[in-house]
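Asks: Supplied in structure tokens, the structure appears directly below.
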Amino acid sequence: MSWLNLGSLAGLVVLAFLAWAAGGFRRPVPWRTVLTAGGLMLVLGAVVFWVPWTRTALIWINDAVIAVLRAGNEGARFLFGPLALNPGETTPGGSPSVGFVLATQVLPAVVFFASLMAALYHLRILQPIVRLFAVLFHRTMALSGAESLAGSSNIFIGVESAMTVRPYIDRMTRSELLTLLTCGMSTVASTTLALYVLFLKDSFPLITGHLVSASIMSIPAAALAAKLMLPETGAPETLGAVPPMAEDQRKPNTMAALMDGSWEGLKLAAGIATLLIAVLGAVALIDYGLAKLTAPLSDALAGPVDLRRILGWLFTPLAWLLGLPGTDLVAAGRILGGRAILTEVVAYQELGRLGAEGMISPRGILILSYTLCGFAHVASVGVFVGGIGALAPARRGDLSSLGLRALVGATLATLMTGALAGFYYYGQKGLLGI
């Protein structure tokens with residue numbers, strides 16, 4: 001174990017302290033949740049990184065997801081032809097790929113995965129897995145049953161996970177609402193996981209299994225951050241047990257579930273596309289203004305100043321807490337800073353590019369892959385506050401007041417997950433698949 005590993009462990013503790021500080025050093029400190037959440041993170045990390053058979057499981061999960069992605073890409077190739085081909089591929093008729101096109105090569109995977117998850121949910125294959133994790137979180141971290149159920153659901157179904165606890169949202173305490181929001185922003189759903197796999201599968205072949213483990217480990221990290229920021233002082237209605245999952249009207253058959261899921265996936269893909277168009281355009285406009293304002297200082301600042309560079313300066317100290325090599329800090333700060341504004345989609349794409357070009361170390365790729373595994377960006381505040389507020393209009397005021405706090409908590413939680421990965425990774429062969 002090196003100094004970098006110890007630095008990651010120390011960084012994990014510092015990040016937890018920052019969560020307490022961000023909440024205003026509130027008391028009483030929920031020691032049971034803090035200690036059990038931290039312990040659960042350590043156990044999960046040890047299982048993923050140190051248990052020999054876990055590597056076999058990661059390979060199996062990765063191969064399964066890649067096979068599903070290839071199958072799902074058939075529909076995109078039928079519709080878009082060469083536009084859906086990866087660079088270097090050709091159609092059976094000999095037409096070559098036109099190069100990388102995110103809209104036709106990546107976003108269709110979101111539609112397919114959404115339909116697949118809807119079918120698995122209809123067949124009641126996901127529910128037992130969700131409940132298993134919910135019971136684990138409930139019994140170990142002293143969370144309410146509704147918090148545990150929503151957090152567990154986030155691993156599989158994203159922002160829609162609030163639907164599983166819809167009957168209880170109106171009566172949740174503010175601490176429960178903050179945990180609900182923070183868990184949502186700290187994980188990625190299986191419907192969007194395909195995006196990040198496609199960006200990183202060349203430089204990090206076992207990325208799929210690690211993204212799944214990152215989402216699981218981020219739940220105790222999010223609970224730790226949320227409860228340090230706003231400890232529970234009320235009496236949650238579901239404190240005693242995990243409640244049954246609230247479900248919408250069951251679809252008449254699997255085909256109907258596939259159709260409904262594909263429609264939801266289309267809306268999600270369209271939302272991602274429109275968000276990227278709007279945000280990237282706005283950032284480009286801001287960058288133009290910054291370039292004009294700072295032009296006289298460009299020589300002193302060793303180049304033009306843009307928004308991602310400014311955010312990179314702010315996030316570099318946080319990147320240092322992850323236990324990254326010094327050569328990776330500047331790139332890591334820029335990626336993490338960009339994630340806060342440009343979403344994790346752009347951040348993962350940038351990480352994949354740096355990995356493919358050998359501009360970042362394997363340790364840096366692993367740690368940042370875990371750290372970026374969440375919806376911790378400005379746009380997600382509107383998505384989660386608006387989405388959950390639509391389910392419980394009476395709590396919109398509380399949700400709105402907790403939105404930015406949840407974003408801070410989720411950012412710190414994903415950083416904790418990255419630091420945890422950094423603590424356990426010491427260059428084990430085969431863990432990245434390279």
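The values are calculated or read from the model by the stated rules, or taken from the named source; none is laboratory data. Computed from a predicted structure; not experimentally measured. A quick note on method: Cβ atoms are made from the backbone with ideal geometry, for glycine too, and the neighbour counts reach across all protein chains shown. To get the accessible areas, we keep the full protein, side chains included, count just its heavy atoms, and leave off ligands, DNA and RNA. Shrake-Rupley method; radii C 1.70, N 1.55, O 1.52, S 1.80 Å.
Asks: Determine the pairs where a residue that is under 17 Å from L206 (Cβ atoms) and free of Cβ contacts under 8 Å to residues at least 12 places away in the same chain, located within segment 31-51, has a partner that is of a type in the set (G, A, S) and surrounded by 20 or more Cβ atoms within 10 Å (Cβ to Cβ) with Cβ atoms under 9 Å apart, the partner being 6 or more residues away or on another chain.
Replies: V47/S213
Asks: Restricting to segment 92-115, give me the number of residues that are assigned to a helix (DSSP H, G or I) and open to solvent by less than 50 Å² (accessible area, probe 1.4 Å).
Replies: Residues in segment 92-115 being assigned to a helix (DSSP H, G or I) and open to solvent by less than 50 Å² (accessible area, probe 1.4 Å): 11 in total.
Asks: Further question on the same structure: Among the residues of segment 111-136, write down those that are under 20 Å from the mean Cα position of the chain (by Cα) and over 12 Å from G265 (Cα atoms).
Replies: Answer for segment 111-136, where residues must be under 20 Å from the mean Cα position of the chain (by Cα) and over 12 Å from G265 (Cα atoms): L126, I129, V130, F133, A134.
Asks: Being over 18 Å from S8 (Cβ atoms) and open to solvent by 10 Å² or more (accessible area, probe 1.4 Å) is true for just one of L329, L321, L314, L342. Which residue is that?
Replies: Answer to the check: L314.
Asks: In segment 27-40, is there at least one residue being touching a Ser or Thr at 6+ places or on another chain (Cβ under 8 Å), among the hydrophobic types (A, V, I, L, M, F, W, C), within 18 Å of V212 (Cβ to Cβ) and modelled with pLDDT of 85 or more?
Replies: Looking through segment 27-40, at least one residue is touching a Ser or Thr at 6+ places or on another chain (Cβ under 8 Å), among the hydrophobic types (A, V, I, L, M, F, W, C), within 18 Å of V212 (Cβ to Cβ) and modelled with pLDDT of 85 or more.
Asks: So, one more: Would you check which residues across segment 315-358 are outside any helix (DSSP H, G or I) and without any contact (Cβ under 8 Å) to a residue 24 or more places away in the chain and list them?
Replies: E357, G358
Asks: Separate question: Can you find a residue in segment 207-228 that is open to solvent by 40 Å² or more (accessible area, probe 1.4 Å) and not in a helix (DSSP H, G or I)? Before the answer, list the steps.
Replies: Taking segment 207-228 and keeping what is open to solvent by 40 Å² or more (accessible area, probe 1.4 Å), we get 212.
Those still in the list that are not in a helix (DSSP H, G or I) too: none.
No, segment 207-228 contains no residue that is open to solvent by 40 Å² or more (accessible area, probe 1.4 Å) and not in a helix (DSSP H, G or I).
Asks: Let me ask something else. So for segment 142-156 (the condition being more than 12 Å from the chain's Cα centre (by Cα), touching a residue at least 40 places away in the same chain (Cβ under 8 Å) and at positive phi), does at least one residue qualify? Can you show your working first?
Replies: Within segment 142-156, the first condition is being more than 12 Å from the chain's Cα centre (by Cα), and the residues that meet it are 142-153.
Within this subset, residues satisfying the condition of being touching a residue at least 40 places away in the same chain (Cβ under 8 Å) are 142-149, 151-153.
Still in the list and also at positive phi: 142.
Scanning segment 142-156 turns up at least one residue that is more than 12 Å from the chain's Cα centre (by Cα), touching a residue at least 40 places away in the same chain (Cβ under 8 Å) and at positive phi.
Asks: Filter segment 383-434 down to the residues that are within 23 Å of the chain's Cα centre (by Cα) and free of Cβ contacts under 8 Å to residues at least 24 places away in the same chain and list them by number.
Replies: Within segment 383-434, G386, G389, A390, S400, S401, L404 qualify.
Asks: Contact list please: Cβ distance under 6 Å, first residue in segment 52-64 and in a helix (DSSP H, G or I), second residue among the polar types (S, T, N, Q), pairs at least six apart or on different chains.
Replies: If the second residue must be among the polar types (S, T, N, Q), the pairs left are I61/T208; N62/T208.
Asks: Which residue, of V48, V43, is buried (at least 20 other Cβ atoms within 10 Å of the Cβ), within 21 Å of the chain's Cα centre (by Cα) and among the aliphatic types (A, V, I, L, M)?
Replies: Only one candidate passes the filter, namely V48.
Asks: Taking segment 346-356 as the search range and keeping residues that are of a type in the set (A, V, I, L, M) and open to solvent by less than 10 Å² (accessible area, probe 1.4 Å), which one is farthest from A282 (Cα to Cα)?
Replies: L351
Asks: Could I ask something else about it? Has segment 68-91 got any residue that is farther than 27 Å from L6 by Cα, open to solvent by less than 70 Å² (accessible area, probe 1.4 Å), in contact with a strand residue (DSSP E or B) (Cβ under 7 Å, 6 or more places away or on another chain) and free of Cβ contacts under 8 Å to residues at least 24 places away in the same chain?
Replies: Here is the first cut: in segment 68-91, the residues farther than 27 Å from L6 by Cα are 68-91.
With the extra rule that they be open to solvent by less than 70 Å² (accessible area, probe 1.4 Å), the set shrinks to 68-69, 71-73, 75-76, 81-82, 84-86, 89, 91.
Filter once more, so that each one left must be in contact with a strand residue (DSSP E or B) (Cβ under 7 Å, 6 or more places away or on another chain): 82.
Narrowing further to those that are free of Cβ contacts under 8 Å to residues at least 24 places away in the same chain: 82.
For segment 68-91, residues farther than 27 Å from L6 by Cα, open to solvent by less than 70 Å² (accessible area, probe 1.4 Å), in contact with a strand residue (DSSP E or B) (Cβ under 7 Å, 6 or more places away or on another chain) and free of Cβ contacts under 8 Å to residues at least 24 places away in the same chain: present.
Asks: Quick one: how many residues across segment 92-125 are over 17 Å from L198 (Cβ atoms) and without any contact (Cβ under 8 Å) to a residue 24 or more places away in the chain?
Replies: Number of matching residues: 8.
Asks: In this structure, is G24 closer than 20 Å to A413 by Cβ and either outside any helix (DSSP H, G or I) or in contact with a Ser or Thr (Cβ under 6 Å, 6 or more places away or on another chain) (or both)? First the steps, then the outcome.
Replies: Details: closer than 20 Å to A413 by Cβ: yes; either outside any helix (DSSP H, G or I) or in contact with a Ser or Thr (Cβ under 6 Å, 6 or more places away or on another chain) (or both): yes.
In short, yes.
Asks: What number of residues within segment 127-146 satisfy the criterion of being out of contact with any Lys or Arg (no Cβ under 6 Å at 6 or more places or on another chain) and either open to solvent by 10 Å² or more (accessible area, probe 1.4 Å) or not in a helix (DSSP H, G or I) (or both)?
Replies: Of the residues in segment 127-146, 13 are out of contact with any Lys or Arg (no Cβ under 6 Å at 6 or more places or on another chain) and either open to solvent by 10 Å² or more (accessible area, probe 1.4 Å) or not in a helix (DSSP H, G or I) (or both).
Asks: Any chance you could count how many residues in segment 147-200 are more than 21 Å from L42 (Cα to Cα), open to solvent by less than 10 Å² (accessible area, probe 1.4 Å) and β-branched (V, I, T)?
Replies: Qualifying residue count for the region: 5.
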